[in-house]
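Read the figures in this text as sums done on the coordinates, not as results from a lab. Remember, predicted model here, so these are calculated numbers, not experimental data. Neighbour counts are summed over all protein chains in view; Cβ atoms, including those assigned to glycine, are modelled from backbone coordinates with ideal geometry.
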């Protein structure tokens, strides 16, 4: 009996310590103050070719689209925030942990295989430099959980040559660790955490001359460092918006292979049944948009679409629409559009603000931006 009581006490102490560590994780991230500051870029835009400053032309300005077909909801407001340390795009989203936003990899300074790890500290309003990604890539899938930022796959060339490398960034120590590689290489997939497991959904694979979208759905267990296969996304696509909400995973919008074939599809994954169901479609069909959970709604912003004829981009659209979804009623509504339409942005929620940083300023990857704006319903 004494041995049993001792074991129970030990288990209880272990449980309490584990729980306290989990609860304290955001505080640990906030306490990481020894990172070097990264001053904001004086240039709003850079061209990928040459990595030089760029001024948006009237023709490029005409690509911007603001009007949403969704019913009008509370408008809210956008405000400018500290510009990124340099113009960037094609990061494949961003993630937040402990009042900080993490934006990893992407295009910048004339290259497409960057190792950037820029961190925005919301309380101070400053950008910081974290330890660089172990290998440079664009369209790296990122998600944060339990004091870690996971960085999965990506492209080693411009939107092609998918990679299977996988890492996590330990926020408290400012160090990257290698984890089990992806079962199949891909970039532009969607990463999300649900019930302690990391889901990687969709994306695009090889060969480079096809760059076909995939519906693969693989799940990583941090406790075992292993991947397993789950039911595939019904409509294979990449550059989607993806979040976990109320026990389900929402995959919204995206493209079939290229932005010429965008979709408004909205699927939800039900883990208990390992199956997918459809929900109300995205009002503005687009890909490369941000998607976050804010005030118990799903907010989608930004994105792009266009046509590629004879190797030339035409009919380009870069979206500023802000639309939100109510899961309880399966309905969408619109809000105040972004001040500066962009695609391939880093979008996260910290406190009562949605932060949207960087991204492509014109159709495709030719122009990066350092612009950083935040939205609130007030």
Region 232-290 and region 120-179 have their Cα centres apart by a whole-number Å value of 23 Å
For the chain, longest principal axis from Cα atoms; helix 2-31 axis from its Cα atoms; angle between them, nearest 10 degrees, is 20 degrees
Ranked output for segments 83-90, 182-189, 59-66 by mean other Cβ atoms within 10 Å, highest leading, reads 83-90, 182-189, 59-66
per DSSP, antiparallel bridges as share of beta bridges in the chain, % nearest 5, sits at 95 percent
Between residue 37 and residue 173, the two model label points (7 Å from Cα along the beta-carbon direction) sit apart by a distance in nm of 2.9 nm
Burial-style ranking of 263-270, 208-215, average other-beta-carbon count within 10 Å with highest first, yields 263-270, 208-215
Ranked output for segments 36-47, 313-324 by mean other Cβ atoms within 10 Å, highest leading, reads 313-324, 36-47
The relative contact order of the chain, taking Cα pairs under 8 Å that sit 6 or more residues apart, comes to a percentage of 18 percent
Mean separation of Cα contacts under 8 Å (at least 6 apart) over the residue count of region 71-117, i.e. the relative contact order in percent, is 27 percent
Dividing the helical contributions, -39500 (n - 2.57) per DSSP H run of n ≥ 4, by the residues of the chain yields a 222 nm value, nearest 500 deg cm²/dmol, of -3000 deg cm²/dmol
